[in-house]
1. With a 10 Å Cβ neighbour count serving as the proxy for reagent exposure, in which order, fewest first, do 215, 12, 132 appear?
2. Total Lys pairs in region 169-302 closer than 23 Å by alpha-carbon, pairs eight or more apart in sequence or interchain only?
3. Could you run the Karplus curve 6.51 cos²θ - 1.76 cosθ + 1.60 with θ = phi - 60° over region 243-256 and give me ³J(HN,Hα) per residue in whole Hz, x for Gly and Pro?
4. Within region 3-334, what percent of beta bridges assigned by DSSP are antiparallel, to the nearest 5?
5. Return, ordered by residue number, the residues of region 89-114 whose backbone nitrogen is under 17 Å from a label point located 7 Å along Cα→Cβ of residue 145.
6. So which trypsin sites (Lys or Arg not before Pro) in region 206-255 end up in coil per DSSP with only 10 or fewer other C-beta atoms within 10 Å?
7. Put +1 on the Cβ of every Lys and Arg and -1 on every Asp and Glu Cβ in the chain; which of 104, 177, 209 then has its Cα farthest towards the positive end of the dipole?
8. Would you kindly state how much longer the chain becomes between residue 56 and residue 177 on full extension, computed as 0.36 nm times their sequence separation minus their alpha carbon distance, in nm to one decimal?
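Laboratory data are not the source of any read-out in this text; all were calculated from the coordinates shown. What you are looking at is a predicted structure, and each value in this text was computed from that prediction instead of being measured. Ideal geometry is used to build each Cβ from the backbone, glycine not excepted, and the neighbour counts take in all protein chains shown.
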Amino acid sequence: MTSAAIYGCSGHRLTDEERAFFAEVRPWGFILFRRNIGSPDQVRALTADLRDSVGWDAPILIDQEGGRVQRMGPPHWPKYPPGDAYLKATNDPLAARGLVRLGARLMAHDLRAVGITIDCMPVLDVPVPGAHDIIGDRAYATDPATVALLGRSAAEGMLAGGVLPVIKHMPGHGRAFADSHKELPTVHADLDTLDAWDFAPFKALSDMPIAMTAHVVFTAIDKKRPATQSKKAIKLIRQHLGFNGLLLSDDLVMNALSGTLTERAEASLKAGCDLVVHWNGDMAEMRQVAEGVGKLKGKSARRADAALARIVHTPEPLDEFEARARFGAMLDGKLDAARGPDVGEAQAPLLASSSATRDRPV
C-alpha cells in the first residue's frame, strides 16, 4: 500500500538515502523539477529508478505549462509559449482551441518519451485587474468562458498523448493579490461573484481526473483557512464544483501555509485532500512530511486508481515532424517549434523563463 504523498528528489540521480527512504515510505508518486532535468536519457533513467525504488509503476509528475513554467526545455526539448500566447496568436478562441490542443499533444509526446505520466496543467485561473502576476500570462484568457474552452483543449491534448492533466489551482487563484509562495492571499469576493468568475472553469472541467488546490483563503467560504486546508472549501469543490477526481495539495513548503511540515500535511489531508505534494527533495523535510501522512486508502485510493485508469496506453497517432511544423506555423513565427526536439539554446530568449518561477512549485 502506498502513502498519500508525492515527493521530489534532489538531483539528476537518486542518492542511496533517497532510495532507501522511498522504499520505506512508498509514496504514491514523484514530481520532477528543473534540478532533476538533464538529457533525455538521464531523465528516462531517473524515472525508471524512482519507480524501481517503490516497486511499482508509480506516477511521475512535472510542471510543464510553457512560458515561465517549463521544467524541460532547450537544448533537448522545444520552448513552448505561455498560456496567453495562443489567443494572441489567433485573436479567435475557436482557432486558438486547436492550437492549444496541438501544443499540449506535443508536450505530452515529450513527457511520455522520458517516463513522465502526469503534467500539472492546465491553469484554469482567471486573472482580474490588479491581481498578482503569479498567474499573469499563464492564464489562457481573462474571461472564464474562454479559459474553460482553451483549458479543456489543453487537457484533451494531454489525455490523447497518454499523459494525465492536473487542473489548477482549485477553486481559483486568479483573484489573489499576493503570491502564495511568499504569503497567504485572502480573497474577499462574495460567493455569487466567485461562482460566476473564479469557479466557472473548474465546474466546466469537473470531469478531469486530477486537480490541485489553491493556498488561498476565500472569506466567503472559510474566513481562517486556505482552501488546501479547509473542509468547507473542499466540500464546495466536491459538491458545488462537482469535482470527484483525485485532489492534490499545492506544495506544502509554500509560505502561505503555517505550522510544521508534519502539521501542514496532516491539516491538508484532514481537510479532504487525497494527496499532499512536497517538491524540493530536502530529505529532512520529507521525513517531517512522512510523519503527517498515512496510507492512501478508502475513497482517496479509489480516486487515485480511477485517475490512473484514464491514462491512454496507446496514444493518439502523431506525425511529430509535421505537427511541430504546423504548430510553429500556427503561432506565426512566435515559436520555432518546427525544428523538433533538437531545438537549440539560441531559441531560449524567445520565451525566456523568469528566475522567479523557473524551479519552484506553481
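1. On the way: 215 27, 12 14, 132 18.
Going from least to most buried by this count: 12, 132, 215.
2. Here the count comes out as 28.
3. After applying 6.51 cos²θ - 1.76 cosθ + 1.60, I find 8, 10, x, 7, 10, 9, 6, 5, 4, 6, 6, 4, 6, 5 Hz.
4. Numbers: 3 of 27 bridges.
Within region 3-334, antiparallel bridges account for around 10 percent of the total.
5. 91-97
6. Working: sites: 223, 224, 231, 232, 235, 238; in loops: 223, 224.
Those satisfying the criteria are 224.
7. 209
8. Numbers: separation 121, 0.36 × 121 = 43.56 nm, distance 4.15 nm.
Roughly 39.4 nm would be gained on extension.
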